[in-house]
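The values are calculated or read from the model by the stated rules, or taken from the named source; none is laboratory data. Predicted model, so just to flag it, every value in this text is computed and none were measured. Glycine also receives a Cβ, built like all others from the backbone with ideal geometry; neighbour counts cover every protein chain displayed. Please note that ligands, DNA and RNA were not included when accessible areas were found on the heavy atoms of the full protein model with its side chains. Shrake-Rupley method; radii C 1.70, N 1.55, O 1.52, S 1.80 Å.
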Amino acid sequence: CPSTAIPCHRCPPARSGHRCVADNSNLYVFGGYNPDYDESGGSENEDYPLFRELWRYNFATDTWHQMGTEGYMPRELLFNTATTSWFWGTGIPFGESNGTTSTCCNVKYKRWALLSAVGSPEPKLFSSPHQSCCLHKAMAIINGCLYVFGGTTGYIYSTDLHKLDLNTREWIQLKPNNMSCDMPEERHEIASRSQRIYLELHHPGAARARKSHIAPFSLQIHAYNLETNTWEEITTKPHEKIGAIFLLKVGFNVILGDVWKLNLQTFQWVKLPAVMPEPVYFHCAAVTPAGCMYVHGGVVNIHENKRTGSLFKMWLVVPSLLELCWEKLLESFPHLATLSRSQLLHLGLTQGLVERLK
């Protein structure tokens with residue numbers, strides 16, 4: 001599973017704390033932070049040290065494009081959460097405010113919109129910037145519902161779980177029948193399979209323990225069962241050593257570049273035969289529907305607080321015959337993107353492949 005560096009001409013400036021999502025055609029990168037005045041754009045960046053911008057990387061043409069959008073782009077640009085072009089985040093402590101609303105961006109029509117919704121989270125979690133816990137949230141869309149877990153103001157941590165029905169636009173604060181005393185609090189990630197939502201375990205106490213060499217990484221992960229309305233603790237199986245929750249990690253004041261995966265059927269950790277060419281943390285990563293992972297940005301030097309703008313990709317599965325042929329075609333005929341839709345269709349490309357180029 002070799003990882004490949006993506007060359008670029010005009011790229012997003014180096015950053016961390018941003019979020020990205022991917023579809024079959026593009027990688028979308030939103031927000032982020034860079035304390036370096038020059039690297040963050042200097043006087044041209046009105047939101048320094050944050051980035052109030054949305055970038056798109058097209059896989060077929062191998063090019064970056066800063067998207068001009070309409071509507072109100074959120075100012076909560078750091079440690080936001082994103083899924084299928086939904087964004088939620090904070091400007092604290094590097095800006096001025098926490099986000100108290102959910103914002104969506106229609107990337108096809110390049111327009112931002114505030115979500116108009118009703119329901120139980122409004123009075124407590126989202127009504128006041130002083131009460132909102134929108135930093136380090138995690139969210140996922142499952143069966144037509146948006147599930148949002150946790151968050152922090154930077155001082156107060158939340159382990160609440162909310163659900164938004166995307167059809168009725170109604171929020172519901174879920175009340176599980178039980179609650180674990182060791183729920184993840186900060187910088188957690190979320191995944192889903194079948195009727196469970198899985199949470200990566202990461203919280204301030206665990207971080208302090210790792211730095212002080214008191215305890216190893218926990219092999220426990222938490223899962224919310226949608227059918228029984230309960231939290232479950234699942235013991236995972238180590239590979240060769242204890243470590244690496246989800247894909248990439250940092251520990252013991254050393255930035256690590258190893259890559260891991262967790263099988264959500266067997267709960268077996270496997271270390272992939274690949275090493276990041278540029279180890280990072282506070283990066284963003286997204287996986288395409290075809291199974292290719294893209295990793296962008298992050299912090300590459302702890303002591304110098306240095307960010308990167310590098311983009312890497314790695315296939316997590318054996319590419320399909322369609323993907324292999326498509327990559328070979330693009331390599332052999334890089335001028336394809338300059339042809340019109342009718343010309344591309346006349347050559348025999350399917351409508352889906354034409355959309356990847358346009």
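The residue that is nearest to HIS18 (Cα to Cα), among those in the stretch 172-197 that are at pLDDT 85 or above and surrounded by 14 or more Cβ atoms within 10 Å (Cβ to Cβ), is ILE197. LEU50 meets all of the listed conditions (1) under 29 Å from LYS358 (Cα atoms); (2) in contact with a strand residue (DSSP E or B) (Cβ under 6 Å, 6 or more places away or on another chain); (3) modelled with pLDDT of 75 or more; (4) of a type in the set (A, V, I, L, M) but one, namely (1).
At least 1 residues being open to solvent by 30 Å² or more (accessible area, probe 1.4 Å) and touching a residue at least 24 places away in the same chain (Cβ under 8 Å) is the threshold, and among the strands (runs of 3 or more DSSP E) wholly inside the stretch 291-358 those reaching it are 299-301, 311-315.
Among the residues that make up the stretch 255-264, is at least one of them farther than 20 Å from HIS18 by Cα, assigned to a loop (DSSP other than H, G, I, E, B) and free of Cβ contacts under 8 Å to residues at least 12 places away in the same chain? Yes, the stretch 255-264 has at least one match.
Checked against (1) touching a strand residue (DSSP E or B) at 6+ places or on another chain (Cβ under 7 Å); (2) modelled with pLDDT of 80 or more, THR159 passes all but condition (2). The single condition among (1) of a type outside the set (Asp, Glu); (2) surrounded by 18 or more Cβ atoms within 10 Å (Cβ to Cβ); (3) under 27 Å from GLU39 (Cβ atoms); (4) at pLDDT 85 or above that HIS222 does not satisfy is (3). Residue by residue through the stretch 270-286, note down the ones that are over 23 Å from PHE51 (Cβ atoms) and either in a strand (DSSP E or B) or small (Gly, Ala, Ser) (or both). Correct list: VAL270, LYS271, LEU272, PRO273, ALA274, VAL275.
For the stretch 53-99, a residue qualifies if it is part of a strand (DSSP E or B), open to solvent by 40 Å² or more (accessible area, probe 1.4 Å) and modelled with pLDDT of 90 or more, and the qualifying residues are ARG56, THR63, HIS65, GLN66.
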